[in-house]
1. Using the Karplus equation 6.51 cos²θ - 1.76 cosθ + 1.60 (θ = phi - 60°), what ³J(HN,Hα) coupling, rounded to whole Hz, does each residue of segment 89-103 give in order, writing x for Gly and Pro?
2. Order the peptides 253-260, 201-208 from the highest to the lowest mean number of other Cβ atoms within 10 Å of their residues.
3. Can you give the calculated 222 nm mean residue ellipticity of the chain, where each DSSP H run of n ≥ 4 adds -39,500 (n - 2.57) and the sum is split over every residue, rounded to the nearest 500 deg cm²/dmol?
4. Could you look at segment 235-316 and say what percent of its accessible area is carbon and sulfur, using a 1.4 Å probe and all protein chains?
5. Ignoring ligands, DNA and RNA, what accessible area per residue does segment 173-322 give at 1.4 Å, in Å²?
6. With the radius of gyration and the Kirkwood radius both derived from the Cα set of segment 80-171, what is their ratio Rg to Rh?
7. Mind grabbing the base-10 log of I(q)/I(0) for segment 156-292 at q = 0.22 Å⁻¹? Debye formula, identical points on the C-alpha positions, no solvent, two decimal places.
8. Would you please put 110-118, 168-176 in order of how densely packed they are, using the mean number of other Cβ atoms within 10 angstrom per residue and starting with the highest?
Amino acid sequence: MTLRLVRLLAFLSLLPGAAWAQAWPQQPITILMGFPAGSGVDVVARLLEEPMSKSLGAKLVMDYRVGACGNLASEAVARAKPDGYTILFGTAATHGVNAALYKKLPFDVEADFTPIAPMVNVSNVLTVNPQVIDASTLREFIDKVKANPGKYNYASTGNGTGTHLAFAEFVAKAGLTMVHVPYKGGPEALTSVVSGTTCCIFNQVQTVIPQWKAGKVRLLGVTTRTRVSAVPDVPTIAEAGLPGFESYTWFGLFGPKGLDAEIVNKVNAAVKFALEQPAVGDRLMQLGNTPRWESLEKYRATVKSDRAKWAVVVKEIGATID
C-alpha cells in the first residue's frame, strides 16, 4: 500500500457520515427476507427490485432468513452495521404483531431499527376449499362451522403471523370454534387448503388468484374495508356478514438503528421511484395490493401506531409465544 493511499484512507476515516453517504452505494445491497421465496412478501420484493436497483445504481441481493415469523431476519438487521448494505424487508407482522406476541425479543422493533419506507398495503381474502366445506358465501361458511364446532381446521403462514391473528380475530368475532394449523410460510399453507388438509385460510389476494382462477378454491370475502380491484366481485367480510371487521397488513423497508439520514433518504426515494413506474403500480393493483409510499416521519408514526393496534388484538384473542 502506497503512502498516498494510506494518507487518503486516514483522511476519509475522519469524514462525517454524510460524506460517506454521498458515495453510497459502492457495492450490492442485501435485502434480508424473513419469509420464503414465492410468498407474498417475495412477490412484491421482486416487482420492486429492478426499478429500485436502477434508481440506486446498485444491485439488490435477496437473502432469505426464514423462521420465527420474520424474527430471524429482523435480528440479523438489528445487529448489522448501519452502512446501508443490509436492509430488512419487513411487514406489519415483524414490526407490529411480533412485539406484542413474543414475550421476549432480542431487539426492539422501534428503537433498534431505522424505518425507511412502506411499499404496499396488502389485503387478505377468506379462501376455502369447496370439497372440504361447501360454502359459497360468508354466511354459509359461518353457519356450517357453527354447526360443527371443532371440525374444521384453518391454515396460517405461521404462529403469530398476520394471517394467523387476522383469522383468530375473525373466529372470535364470528363466535366460531376452529383448529389452527400453522405452516412455515404462504406456499405451504395454501397448498394445505388446495389439498384438503385444511379447509381454509386468510390468504393474500396476490398469491391465491391462480388457484382461484383454476377453480380449486373459492373466495368468500376480503379483509379490507373496501373491495379489492383485482377481485371486484368478492365482497368485503364486513358487508358479507361480519359488520365492522377489517384487517390488512403492509410491507416496508427497515435499516439498522443509526443508519445515515442521506442513505435513508436515497432508499426512500428509490421506493417512491419504483412505485411510480406504471408497470409496477399496475401489476401491484392486479395482484390485489395498494401501492403505499410515505415520508420518513409518517412511516415512523405508522410503525408506532400499528404496534399499539396489534397489541390490542393480541390481548383480545389471548395469543402469545414464549
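1. Values, residue by residue: 8, x, 9, 5, 6, 5, 10, x, 4, 4, 4, 8, 7, 8, 5 Hz.
2. Values: 253-260: 20.9, 201-208: 27.1.
So the peptides 253-260, 201-208, ranked by packing, come out 201-208, 253-260.
3. Values: 13 runs with 139 residues, N = 322.
Result for the chain: -13000 deg cm²/dmol, rounded to the nearest 500.
4. C and S atoms contribute 56 percent here.
5. 47
6. 1.11
7. -1.39
8. 110-118, 168-176
The values are calculated or read from the model by the stated rules, or taken from the named source; none is laboratory data. Please read these numbers as outputs of a predicted model, since none were measured by experiment. Because the Cβ atoms are built from the backbone with ideal geometry, glycine has one as well, and the counts that use them run over all protein chains shown. Surface accessibility is based on the protein's heavy atoms, side chains included, excluding ligands, DNA and RNA. Shrake-Rupley method; radii C 1.70, N 1.55, O 1.52, S 1.80 Å.
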